[in-house]
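Everything below concerns the one structure shown next.
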Amino acid sequence: MSVILFASVVRVRDGLPLSASTDHDQNVSVQETKKYLKVISKKLEQFPDRCTLERGPYNVNFISSLGVSYMMLCSENYPSVLAFCFLDELQKEFITTYDMGPINTAVRPYSFIEFDHFIQKTKQRFNNPRSLSTKMNLANMQTEIRLRPPYRISLQELDLGNGLNHQKNPTYKGIAPHQRLEPLTLAGIISVLLSLLCAGLNLIRGFHAIESLLQGEDDFTCVIAFFLGTAACLYQCYLFIYITSWRTVKSFLAFGLICLCNMYLHELRNIWQLLFHVTVSAFTTLQIRLRQPLDKSPDYNV
C-alpha cells in the first residue's frame, strides 16, 4: 500500500526537530528506516534543497527552505509528485504560521509540536489522493520534478556505506555544495568595479609611499594602511562574488578596516577622496548584504 508513514519539520543549521507527526507505527522496518531521517537531519546543510533517499521498501524525501527542512518517510511506490506536493504544503503552512525569530531561537526539541495537527490532517488527505483538490498544483509539481529531479542521496554521502553509523558528533561542512548566490544585478556589478578601482588606487598610492619611504619622506605605517585598504577592497569583491560562512559579518569588518585606513590617511587625501573610498565601500557592503544565497520563496513549489 502506497502511503505517507511519517513527517517532521527540522531546523537546517543544527538538525533540531521542531515538529513531527504522531508515531503510531511499530513496524520494525519502519522504525529502522526512520533512523536515516535522524542521520540526514544532522547533515542537511550539505545537501540541495530537494532530495530523496531510497532505502528498500521505503523512501525518505525532504525539501529545505529558509533554514527549515520538511522531511517525510513513505512507501517506495508512493508517487514522487504527491510526496513533494505534500512537503510543499507543510512548508507553506509552517512559514505562514510561524515567524523566523522563534524558529531561529528555539532551543527545546519539538517547540512547535502543535503543528502536528496540520501534519496529521495533511497526511490523511495525501494518503487518499482521490480527495485531493490541488490538481493544478500536481501538474505544476510534475513539470518541476521533470525539469529539476530531486537529488538522490547515497549511503556513502551519509557515511553509511555499511549501514547505520551512529555518530555522536557529526561534522558539518557549512554551506551546501549546491547552494548559489542570487543572480548579479547592475548595482552589484557597479559596486565590484568601483571596489576594484579603489583597490587599484590604494595599490598605486602604496607603491608611491614605498618610494617616499626609501627617500625618508614618509612613514612605514602609511604603506601598511594603503596595502590593507587594497586587501580589504579586494576581499569585499570576493565576498560579493562567492558564498562563505559569516559573509555579512566579514563584509562589515572589511568596511570597518577601510574606514580606519582612510582615517589614518586623512593627511594624504583630500575630503573628496576620503568620501569616495568610504562611500564605495559602504555601497559594496550593502550589495553583499542584499545578494543572499539562492533559496526558495514561501510560495514556490518545493
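The values are calculated or read from the model by the stated rules, or taken from the named source; none is laboratory data. Bear in mind that the values here come from a model prediction, so they are computed numbers and not experimental data. We place every Cβ from the backbone using ideal geometry, glycine too, and count neighbours over all the protein chains shown. Note: accessible area is taken over every heavy atom of the protein model, side chains too, but ligands, DNA and RNA are not part of it. Shrake-Rupley method; radii C 1.70, N 1.55, O 1.52, S 1.80 Å.
Ranking of 100, 141, 263 by solvent-accessible surface, largest first: 263, 100, 141 (1.4 Å probe, protein heavy atoms only, all chains present). All other residues with a Cβ under 11 Å from the Cβ of residue 81 taken together, and with Lys, Arg as +1 and Asp, Glu as -1, what is their net charge? Around residue 81, the charge tally is -1. Once you've got the Cα coordinates, tell me which of 38/123; 34/92; 35/121; 43/250 are over 22 Å apart. Cα-Cα > 22 Å for 34/92; 35/121; 43/250; rest within.
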